[in-house]
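Chemist: After the structure tokens below, expect a handful of questions from me.
Derivation of every value follows stated rules applied to the coordinates shown; laboratory data play no part. Please read all numbers here as calculations on a predicted model, not as lab measurements. Because the Cβ atoms are built from the backbone with ideal geometry, glycine has one as well, and the counts that use them run over all protein chains shown.
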Amino acid sequence: MDSGEERGAGPYLEGQLLVAMPTMADQRFARSVIYLCDHSDHGAMGLVVNKVLESLTFSDLLKQLEIEAETVDERIRVHFGGPVESARGFVLHSADYTHEATLQVGDGFALTATIDVLKAMAEGRGPRLSMLALGYAGWAPGQLDREIQENGWLTVPADEELVFDVAQDGKWERAVGRLGIDPGNLSGVAGRA
């Protein structure tokens, strides 16, 4: 996203969480919570924050990338960030870490997609809070807006506690609960007032 670019009229949701409705037809996103990194007239991009890849550890990833680390923080998990460019890595993190390639993506959140952040994390000098993801979720211009209007997603304000919580179980329910809604009461039927 070009920060100097004029955004057209419309409610942009960058820095918010998207929470999949129970009727989400795309199984890749069933019960997903997505941090929306970019949303503009040009489309949208986000990272799934509640689906860990069990088949790949941070230690494995460092070995594949030939990054040396004396000790590896085993709390760092590799997430399924989305189905687009699934071999590309992204680190969503607290804004205390910056690098020339770091983008501020929301209030207190930043995104870095270079190997430098992984090296910093391996050396214990990375961001205070982080979430490592492979791949991302992407939407063409207007696509996400239509999916929200069609009752595919709820939007929830993002906060560090929910985004960076290492406990993945129940993250979807906690996100829905932030709206004061009992997840059992959600319906996939859109209505008009």
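Chemist: As an exercise, use a Förster radius of 41 Å and the Cβ-Cβ distance of Thr23 and Glu85 to find the FRET efficiency, rounded to the nearest 0.05. Working shown, then result.
Modeler: Numbers: r = 27 Å, r/R0 = 0.66.
E between Thr23 and Glu85, to the nearest 0.05, is 0.90.
Chemist: List the pair-distance distribution P(r) of the range 49-176, using every Cα-Cα distance, as the percent of pairs falling in each 10 Å bin from 0 up to the bin containing the longest distance, rounded to whole percents.
Modeler: 12, 40, 36, 10, 1
Chemist: List the aspartates and glutamates whose Cα sits under 20 Å from the Cα of Lys119, skipping any in the same chain fewer than 8 residues away.
Modeler: Partners found: Asp60, Glu66, Glu68, Glu70, Asp73, Glu74, Asp96, Glu100.
Chemist: Which of the peptides 71-77, 81-87 is most tightly packed, and how do the rest follow, going by the mean number of other Cβ atoms within 10 Å of each residue? The partial results should precede the final answer.
Modeler: On the way: 71-77: 13.1, 81-87: 15.9.
Descending mean neighbour count gives 81-87, 71-77.
Chemist: Order by neighbour count: Phe90, Phe164, fewest other Cβ atoms within 10 Å first, most last.
Modeler: In order of increasing Cβ crowding within 10 Å: Phe164, Phe90.
Chemist: Something else now. Note down the magnitude of the dipole of the chain about its Cα centre, charges +1 on Lys and Arg C-beta and -1 on Asp and Glu C-beta and zero elsewhere, to the nearest 20 debye.
Modeler: For this selection, approximately 540 debye.
Chemist: Go ahead and estimate [θ] at 222 nm for the chain from helices alone: -39,500 (n - 2.57) per DSSP H run with n ≥ 4, summed, over the residue count, rounded to 500.
Modeler: Mean residue ellipticity, 222 nm, calculated: -4500 deg cm²/dmol.
Chemist: Continuing with this model, one more query. What distance in nm separates the two pseudo spin-label positions at Lys119 and Glu54, each 7 Å out from Cα along the beta-carbon direction?
Modeler: A separation of 3.5 nm, rounded to one decimal place.
Chemist: Here's something else I'd like to know. Give me the distance between the Cα centres of the range 116-187 and the range 28-80, rounded to whole Å.
Modeler: 11 Å
Chemist: Further, regarding this structure: With each pseudo-label sitting 7 Å past Cα toward Cβ, what's the Glu66-Asp145 distance in nm, one decimal?
Modeler: About 4.7 nm separates the two model spin labels.
Chemist: Turning to a different aspect of this structure: How do 136-146, 26-36 rank on mean C-beta neighbours within 10 Å, highest first?
Modeler: Values: 136-146: 16.3, 26-36: 19.5.
Per-residue Cβ counts within 10 Å, averaged per peptide and sorted highest first, yield 26-36, 136-146.
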